[in-house]
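Coordinate-derived values only; no laboratory data. Bear in mind that the values here come from a model prediction, so they are computed numbers and not experimental data. Here the Cβ positions follow ideal geometry from the backbone for every residue, glycine too, while neighbour counts run over all protein chains shown.
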Amino acid sequence: MKPSGIIPSPRRGHSAVNFGNFIIIFGGVNENYLNDMFYFYPSKKVFKKIENVKGELPKLCNLKGVLGPDNTVYYFGGYNNKGL
């Protein structure tokens, strides 16, 4: 079964955190640095782009850490074309 929905572009250096029945995928880099965010539901093999985010998305970056306690995602560190 192939994944369906709005599938993220190919990338590396992205972050992913498991929240029970879905995974949140954020950022990474392909030809450009990214800061898009997706849900992935492994049991259904469905992707969904997250459009409405509470708060501000991190800057374009890859290789950052992710923690997911208490239904909150924290992003820290990372690298972009400015070294941040």
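If a residue counts only when it is over 9 Å from the mean Cα position of the chain (by Cα) and of a type outside the set (Lys, Arg), which strands (runs of 3 or more DSSP E) contained entirely in segment 1-55 have at least 3 such residues? Don't jump to the end; show me each part of the working.
Values: elements: 15-19, 22-29, 33-41, 46-49.
The qualifying strands (runs of 3 or more DSSP E) are 33-41.
Kindly provide the set of residues from segment 1-39 that are touching a residue at least 24 places away in the same chain (Cβ under 8 Å), touching a Phe, Trp or Tyr at 6+ places or on another chain (Cβ under 7 Å) and more than 15 Å from LYS59 (Cα to Cα), ordered by number.
If the condition is that a residue be touching a residue at least 24 places away in the same chain (Cβ under 8 Å), touching a Phe, Trp or Tyr at 6+ places or on another chain (Cβ under 7 Å) and more than 15 Å from LYS59 (Cα to Cα), then PRO3, GLY5, ILE6, ILE7, PRO8, ILE24, PHE38 are the ones that fit.
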